[in-house]
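A.B. asks: Take a look at this one; I'll ask things after.
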Amino acid sequence: MELAGKLKEHTSVVHRQTENSFFMKCFIRGMLEREEYARLLASLWPLYESLEDAMRRNRTHRIAGKLYFRELERLQNLEEDLQYLMGSRWKEIPVPDASKAYAARLRELMIDHPHRLVAHAYVRYLGDLSGGQILKKIASKTLGLDRQGLRFYHFDGIVDADTFKTSYRARLDSLPVSEEEEKDILEEALLSFEMNGHIFQELEGPVRQRLGPKAAALETAGA
Ligand code: HEM
């Protein structure tokens, strides 16, 4: 099996766990409020800022550089959504410690282990192009958003997400990685899901409080 297939298989259990996290369940069921959705976007800001800076700076790296796609960059779209949803107050939204820790990890990799960045690019961008497209429809319906506020999930330079994902997977398969480097990337992909999960855990507190007893019912419900 090649790298793209290995990544999918290696992360399938943590993917399911992430999908079934309390915060994501609330999102899928249309139970988030606008401000909670904005908090999610704000918590992703440090992550994308670091990921995209790291990918750009490693544009010529023999491995990470092969996965740099300008059209995937999300930071500007995130900022436009936040500005639309919260005005300039978005800059005051408290960022979860887990987001700061994630950004710090990415900065570390940018310098010391750029090949591991491939795992984070895979998890976030293929996630945004997959489950993200489902979340976009839900947010549109339940939060009454149209283009504005949903730009994070919209890729101007990508006409067809499935076609892009196919070529992205082919690019993953063609990376000139050693056995050791491949192991590192698989390990890092698990860490990425874990760190994303920590962000969702920090975001769920205020949602639980707002929902009160309904939160306990969600706990036992399937996705
Ligand atoms: C409730 C939330 C989510 C739903 C409903 C969801 C759903 C899906 C679905 C249906 C696919 C398969 C798409 C395809 O094969 O083309 C997928 C793939 C993927 N998702 Fe999610 N997802 C969710 C959350 C996440 C999160 C939070 C992340 C990362 C932080 C993520 C990362 C990925 C990745 C990396 C893939 C690509 C797997 C591969 O083909 O290698 N997903 N998701």
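A.B. asks: I need the phi-derived Karplus couplings for the range 58-74: 6.51 cos²θ - 1.76 cosθ + 1.60, θ = phi - 60°, integer Hz, Gly and Pro marked x.
C.D. replies: My calculation for the range 58-74 gives 9, 3, 9, 5, 5, 10, 4, x, 6, 10, 8, 10, 4, 5, 8, 4, 10 Hz in order.
A.B. asks: Tell me, what ³J(HN,Hα) does each residue in the range 109-119 have, in order and in whole Hz, if you take phi through Karplus 6.51 cos²θ - 1.76 cosθ + 1.60 with θ = phi - 60° and put x for Gly and Pro?
C.D. replies: 5, 3, 9, 8, 9, x, 4, 6, 4, 3, 5
A.B. asks: Roughly speaking, what is the centre-to-centre gap between the range 4-25 and the range 92-152 when only Cα atoms are used, to the nearest Å?
C.D. replies: Each part's Cα centre sits 15 Å from the other's.
A.B. asks: Apply the Kirkwood formula to the range 61-181: the hydrodynamic radius equals the inverse of the mean of 1/r over all pairs of different alpha-carbon atoms; give it in Å with one decimal.
C.D. replies: Working: mean 1/r = 0.0619 Å⁻¹.
One over the average 1/r among Cα pairs gives 16.2 Å for the range 61-181.
A.B. asks: With θ set to phi - 60° and the Karplus curve 6.51 cos²θ - 1.76 cosθ + 1.60, what are the ³J(HN,Hα) couplings of the range 137-148 in order, to the nearest whole Hz, using x for Gly and Pro?
C.D. replies: Once rounded to whole Hz, the list reads 5, 5, 5, 4, 6, 7, 9, x, 9, 10, 5, 5.
A.B. asks: Please report, as a whole percent, how much of the solvent-accessible surface of the chain comes from carbon and sulfur atoms (probe radius 1.4 Å). Display every interim value, and only then the final one.
C.D. replies: Values: 5490 of 11020 Å².
C and S fraction of accessible area: 50 percent.
A.B. asks: Given DSSP loops and a limit of at most 16 other Cβ atoms within 10 Å, what is the longest stretch of the chain that contains no such GluC sites (Glu not before Pro)? Mind dumping the intermediate values first?
C.D. replies: Details: sites that count: Glu2, Glu33.
Excluding the exposed sites themselves, the longest stretch runs over 34-223.
A.B. asks: If you don't mind, another one. How long, wide and thick is the chain, going by the Cα atoms along their three principal axes, in whole angstroms, largest first?
C.D. replies: 51, 37, 33
A.B. asks: Another one. Could you do me a favour and compute the accessible area per residue for the chain, 1.4 Å probe, result in Å²? Display every interim value, and only then the final one.
C.D. replies: Values: 11020 Å² over 223 residues.
In whole numbers, the chain has 49 Å² accessible per residue.
A.B. asks: Okay, helix-only estimate at 222 nm for the chain: each DSSP H run of n ≥ 4 adds -39500 (n - 2.57), divide by all residues, round to 500 deg cm²/dmol; what do you get?
C.D. replies: Working: 11 runs with 147 residues, N = 223.
Helix contribution divided over all residues of the chain: -21000 deg cm²/dmol.
A.B. asks: Next question. Which number gives the lysine pairs in the chain that have C-alpha atoms under 21 Å apart and are eight or more places apart or on different chains?
C.D. replies: Lysine pairs meeting the criterion: 15.
A.B. asks: Given +1 on the Cβ of Lys and Arg, -1 on the Cβ of Asp and Glu, and no further charges, what dipole in debye does the range 1-136 carry about its Cα centre, rounded to the nearest 20? Don't skip to the answer; put the middle values down first.
C.D. replies: Values: 22 positive and 19 negative charges, 75 e Å.
Computed about the Cα centre, the dipole is about 360 debye.
The values are calculated or read from the model by the stated rules, or taken from the named source; none is laboratory data. It should be emphasised that the depicted structure is a prediction, and the values quoted were computed from it without experimental measurement. Every residue, glycine as well, gets a Cβ built from its backbone with ideal geometry; the counts of neighbours run over all protein chains shown. Calculation scope for accessible area: heavy atoms of the full protein, side chains included, ligands and nucleic acids excluded. Shrake-Rupley method; radii C 1.70, N 1.55, O 1.52, S 1.80 Å.
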